[in-house]
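Student: Dumping the structure here so I can ask a few things about it.
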Amino acid sequence: MKKSLKGDFIPGLVGLIFGLAVVILTLTGNDMAILIAKRRGSVPGPGFFPIVCGALMILFGLALVIRGLRQNGTVNYFDMTDEMKSNAKIALLVLSGLIVFMILWKLTNYFIPLVFVFAIYLNLLFKRSWLFTIIFSVVLTAFIYFLFVRGFSVTFKV
Amino acid sequence: MTAQVWASALSTVCQPLVILYLIVGVLLGICIGALPGLSATMGIALLTPITFWLPKAQGFAMMMGLWNAAIFAGGITAILINTPGTPASLTQSFDGYAMYKQGKGGLALGINTVYSFIGGIISIIMLMLFAQPIAEFTIKFGSAEYFMIALFGLSMMVAVSGGDVLKGLLLGVVGIFLSTIGIDPINGTMRFTFGSVDLGAGINFIRTAEVLHQIYTRNKEQEAAEHEQRKHNLALGRVLPPAKQTLRLLPRTGIVSLIATVIGAIPAAGGDISAVICWGNSKKFSKEGDKYGHGSEEGLAVSSAANNGVIGGAMITMLTLGLPGDSVTAILLGSLTMYGLQPGSKMFTENADFTAQVMLLMILANIAFLIIGLLTAKVTAKVLNIAQPTVWAAVSILCIVGSYCIGNSFTDVIIMLIMGVVGFFLKVYNFPTGPLVLGLLLGPTMESNMRRALTLSRGSWSYFLTQPISCVILVLVVLTFCIPLIMDARKKRKS
């Protein structure tokens with residue numbers, strides 16, 4: 001990675017682009033008037049706050065970009081150790097698990113059985129013992145079932 | 001209210017069944033408050049239909065128990081796993097979690113319990129003594145004043161930026177922008193929803209990012225050492241704050257509780273706003289302000305007193321004016337009506353007996369969570385001093401449950417996931433997430449009231465200066481910015 005891209009340059013650029021997108025969406029959106037003319041003077045419309053926020057995001061994003069360039073590679077947020085590299089894989093697997101859980105939930109509506117399976121998956125991912133995994137998954141699933149489904153009548157149907 | 005009314009109310013609330021329901025409510029409140037993603041509002045909303053089957057004293061005992069305990073319990077997970085159980089506990093995670101990491105988890109839980117109790121009791125005393133004048137004062141608040149209150153809250157953005165003000169400001173503005181997603185509060189226009197009806201209700205934020213980031217930065221050796229250290233410290237550490245310290249902090253937390261009561265009495269201003277305003281200002285004016293956010297016992301005490309101090313204030317506007325002080329009292333108003341009671345000034349004349357019962361129930365709920373909180377603090381700290389992966393697994397699943405229960409919406413779960421990924425990168429890039437939450441919480445109050453005020457004044461910005469209360473709050477905002485700067489300059493000159 002280039003030296004200048006290591007520090008605050010990228011987050012600043014993301015902030016700047018996000019701000020620009022907000023400004024463009026506000027200016028081109030339907031019914032997103034920034035100011036609404038009244039008989040005497042004008043009052044802020046639905047687009048007023050978003051446009052102010054967008055402009056400020058551009059300003060602060062730009063300041064971060066400049067700071068990132070000035071850091072000239074002295075700050076690196078992705079200086080990963082070997083352990084962090086393997087941790088990143090686990091984090092990615094947790095995220096993938098969450099996505100699969102949500103897809104299956106949407107398709108089947110079997111929320112409680114899925115909670116049980118997901119709890120097992122997470123514990124195996126974190127290399128917990130089988131006995132702990134089973135006890136933890138049963139206790140957590142039972143807790144959610146009795147408190148939310150039975151106690152508070154939440155249906156978890158999507 | 002006469003002594004006879006109080007005596008009759010006391011005899012009712014001391015009945016075994018009422019006490020039993022109160023304790024059930026407190027225990028439920030502790031569970032709900034401590035679970036990330038579940039709030040006191042949600043707990044009361046879920047409990048209300050159940051209480052209709054009970055006599056009103058028992059039903060309200062359960063609800064008062066749940067409400068008071070849930071606000072206090074939000075601090076438990078903020079302290080032990082750096083995940084606020086309720087939005088009002090955000091500032092407790094700044095100092096509480098740092099204390100826990102320093103091996104003072106038991107003491108942090110003790111401070112949370114004791115000062116939540118102090119905040120709660122002071123606000124109830126205010127409710128008993130000054131309900132009418134406070135209600136008359138807060139009813140004068142219009143949109144200009146609400147806007148200024150929100151601005152006052154947002155002025156704390158710098159304080160919660162953790163040293164990197166530029167990144168804090170950028171995220172704060174992003175938070176305010178995210179709060180504009182959904183239905184426009186004045187014109188009803190759909191903004192940035194891209195055709196999604198679910199997005200119309202806006203965005204809720206739960207900290208899944210914390211889990212992903214903790215997995216990513218995990219250092220097994222250090223984790224094992226810290227785990228052992230905490231176990232050792234927890235076994236030796238005290239829970240009850242020292243008497244000397246309690247006495248020293250009493251004036252500050254007393255003032256904070258009074259301010260929190262007034263903030264609570266302002267309709268729609270809740271524990272989240274109160275905690276941020278009180279913590280931020282206390283940091284600015286305290287001698288040990290530098291320690292705030294890094295494990296300050298004073299900072300934690302102030303936050304704890306501030307979020308429970310709101311409850312009495314919210315009840316003032318509900319009981320005297322029939323207006324909801326916050327989202328919980330909005331649901332409680334419905335409950336009162338279902339029991340055939342008319343909230344308003346008649347609550348202190350025709351229904352004085354029941355009003356006295358509610359106040360006494362609130363005191364009992366505070367005593368109950370004080371006892372339960374102190375007795376179980378060490379056990380709770382030990383239970384939650386479990387291996388990090390267990391916490392991650394539980395929080396990942398509870399975040400799904402919590403985000404779904406907020407609005408019974410699958411879209412909220414998807415947003416939770418997206419925010420989790422975005423939040424992960426923000427943490428990697430060392431962004432302070434406090435300002436984002438602050439912007440999300442205060443953005444709607446600020447926007448709707450600013451626009452309403454300008455509509456009323458036909459676009460005249462001087463309206464904010466011509467309204468006396470609004471002008472006073474604006475002066476306070478300016479002073480809270482300037483005084484610390486002047487104090488710093490004087491210190492530098494002296495040194």
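Student: Determine which member of the set B:E145, B:E221, B:E136, B:E210 is modelled with pLDDT of 80 or more and acidic (D, E). Working first, answer last.
Tutor: Working: B:E221 fails: modelled with pLDDT of 80 or more; B:E136 fails: modelled with pLDDT of 80 or more; B:E210 fails: modelled with pLDDT of 80 or more.
None of the others qualify; the one that does is B:E145.
Student: OK, next. Of all residues in segment B:117-156, how many are within 17 Å of B:L360 (Cα to Cα) and open to solvent by less than 10 Å² (accessible area, probe 1.4 Å)? Working first, answer last.
Tutor: Just the residues of segment B:117-156 that are within 17 Å of B:L360 (Cα to Cα), to begin with: B:117-131.
Now narrow it down to the ones that are open to solvent by less than 10 Å² (accessible area, probe 1.4 Å): B:119-120, B:123-124, B:127, B:131.
Residues flagged as within 17 Å of B:L360 (Cα to Cα) and open to solvent by less than 10 Å² (accessible area, probe 1.4 Å) within segment B:117-156 amount to 6.
Student: Only residues that are in a helix (DSSP H, G or I) and more than 8 Å from chain A (Cβ to nearest Cβ): list them for segment B:399-419, please.
Tutor: Answer for segment B:399-419, where residues must be in a helix (DSSP H, G or I) and more than 8 Å from chain A (Cβ to nearest Cβ): B:C399, B:G402, B:S403, B:I406, B:G407, B:T411, B:D412, B:I415, B:M416, B:I418, B:M419.
Student: Oh, and also: Would you be able to tell me the number of residues in segment B:49-88 that are open to solvent by less than 20 Å² (accessible area, probe 1.4 Å), of a type outside the set (A, V, I, L, M, F, W, C) and modelled with pLDDT under 80?
Tutor: Going through segment B:49-88 one residue at a time, the tally reaches 3.
Student: Follow-up question, since we're still on this one. Return yes or no: is A:D31 within 7 Å of another protein chain (Cβ to nearest Cβ) and either open to solvent by 60 Å² or more (accessible area, probe 1.4 Å) or at pLDDT 95 or above (or both)? Step through it out loud before you land on a result.
Tutor: On the way: within 7 Å of another protein chain (Cβ to nearest Cβ): yes; either open to solvent by 60 Å² or more (accessible area, probe 1.4 Å) or at pLDDT 95 or above (or both): yes.
Yes.
Student: Tally time: how many residues in segment A:121-143 are under 24 Å from the mean Cα position of the chain (by Cα) and either more than 14 Å from B:V391 (Cα to Cα) or open to solvent by 30 Å² or more (accessible area, probe 1.4 Å) (or both)?
Tutor: Here is the first cut: in segment A:121-143, the residues under 24 Å from the mean Cα position of the chain (by Cα) are A:121-123, A:125-126.
Those still in the list that are either more than 14 Å from B:V391 (Cα to Cα) or open to solvent by 30 Å² or more (accessible area, probe 1.4 Å) (or both) too: A:121, A:125.
Total meeting the criteria: 2.
Student: Would you list the helices (runs of 4 or more DSSP H) that sit entirely within segment B:1-70 and hold 1 or more residues that are free of Cβ contacts under 8 Å to residues at least 60 places away in the same chain and among the aromatic types (F, W, Y)?
Tutor: On the way: elements: B:3-13, B:16-34, B:40-51.
It comes to B:16-34.
Student: So, one more: Tally up the residues in segment B:340-381 that are modelled with pLDDT under 80 and touching a Gly at 6+ places or on another chain (Cβ under 9 Å), please.
Tutor: Adding up the residues that qualify gives 8.
Student: Okay, next question. Tally time: how many residues in segment B:421-432 are within 18 Å of A:S96 (Cβ to Cβ) and either at the interface with chain A (Cβ under 8 Å from one of its Cβ atoms) or open to solvent by 20 Å² or more (accessible area, probe 1.4 Å) (or both)? Let's see the steps before the verdict.
Tutor: Taking segment B:421-432 and keeping what is within 18 Å of A:S96 (Cβ to Cβ), we get B:421-425.
Within this subset, residues satisfying the condition of being either at the interface with chain A (Cβ under 8 Å from one of its Cβ atoms) or open to solvent by 20 Å² or more (accessible area, probe 1.4 Å) (or both) are B:421-422, B:424-425.
Number of matching residues: 4.
Student: If you don't mind, another one. Across segment A:34-43, what is the total count of residues that are at the interface with chain B (Cβ under 7 Å from one of its Cβ atoms) and surrounded by fewer than 21 Cβ atoms within 10 Å (Cβ to Cβ)? Talk me through it step by step, then tell me what you get.
Tutor: First, the residues of segment A:34-43 that are at the interface with chain B (Cβ under 7 Å from one of its Cβ atoms): A:38, A:40-43.
Subsequent filtering for residues that are surrounded by fewer than 21 Cβ atoms within 10 Å (Cβ to Cβ) retains A:38, A:40-42.
Residues in segment A:34-43 being at the interface with chain B (Cβ under 7 Å from one of its Cβ atoms) and surrounded by fewer than 21 Cβ atoms within 10 Å (Cβ to Cβ): 4 in total.
Student: So, one more: Please pick out the residue among B:G103, B:G59, B:G43, B:G96 that is under 21 Å from B:A260 (Cβ atoms) and more than 14 Å from chain A (Cβ to nearest Cβ).
Tutor: Criteria check complete, one pass: B:G96.
Student: May I pose another question? Check B:L454 against each of (1) surrounded by 15 or more Cβ atoms within 10 Å (Cβ to Cβ); (2) at pLDDT 85 or above; (3) under 12 Å from B:M148 (Cα atoms) and name the one condition it does not meet.
Tutor: Here B:L454 meets the rest and fails (3).
Student: Still on this model: Six or more apart or on different chains, Cβ under 8 Å: which pairs go from a residue in segment A:79-103 that's facing another protein chain (nearest Cβ under 9 Å) and over 14 Å from B:I400 (Cα atoms) to one that's assigned to a helix (DSSP H, G or I) and open to solvent by 50 Å² or more (accessible area, probe 1.4 Å)? Could you list them?
Tutor: Final answer for the pair search is A:E83/B:K220.
Student: Now for a separate question. I need a count of the residues in segment A:60-78 that are free of Cβ contacts under 8 Å to residues at least 40 places away in the same chain and either among the β-branched types (V, I, T) or crowded, with 16+ Cβ neighbours inside 10 Å (or both).
Tutor: Number satisfying all stated conditions: 0.
Student: Determine whether segment B:340-351 contains at least one residue that is within 18 Å of the chain's Cα centre (by Cα) and in a loop (DSSP other than H, G, I, E, B).
Tutor: Within segment B:340-351, none of the residues are within 18 Å of the chain's Cα centre (by Cα) and in a loop (DSSP other than H, G, I, E, B).
Student: Next up: Applying the selection to segment B:344-363, what residues are open to solvent by 20 Å² or more (accessible area, probe 1.4 Å) and within 20 Å of B:G264 (Cα to Cα)?
Tutor: Taking segment B:344-363 as the starting set, the residues that turn out to be open to solvent by 20 Å² or more (accessible area, probe 1.4 Å) are B:345-346, B:348-351, B:353, B:360, B:363.
The answer is B:S345, B:F348, B:L360, B:I363.
Student: Which residue out of B:T253, B:T261, B:T317, B:T337 is closer than 24 Å to B:L47 by Cα and open to solvent by less than 40 Å² (accessible area, probe 1.4 Å)?
Tutor: Going through B:T253, B:T261, B:T317, B:T337 in turn, the sole match is B:T317.
The values are calculated or read from the model by the stated rules, or taken from the named source; none is laboratory data. Remember, it's a predicted structure, so these values are computed and weren't measured experimentally. Heads up, the Cβs are rebuilt from the backbone with ideal geometry, glycines too, and the neighbour counts pull from every protein chain shown. Note: areas computed on protein heavy atoms with side chains; ligands, DNA, RNA excluded. Shrake-Rupley method; radii C 1.70, N 1.55, O 1.52, S 1.80 Å.
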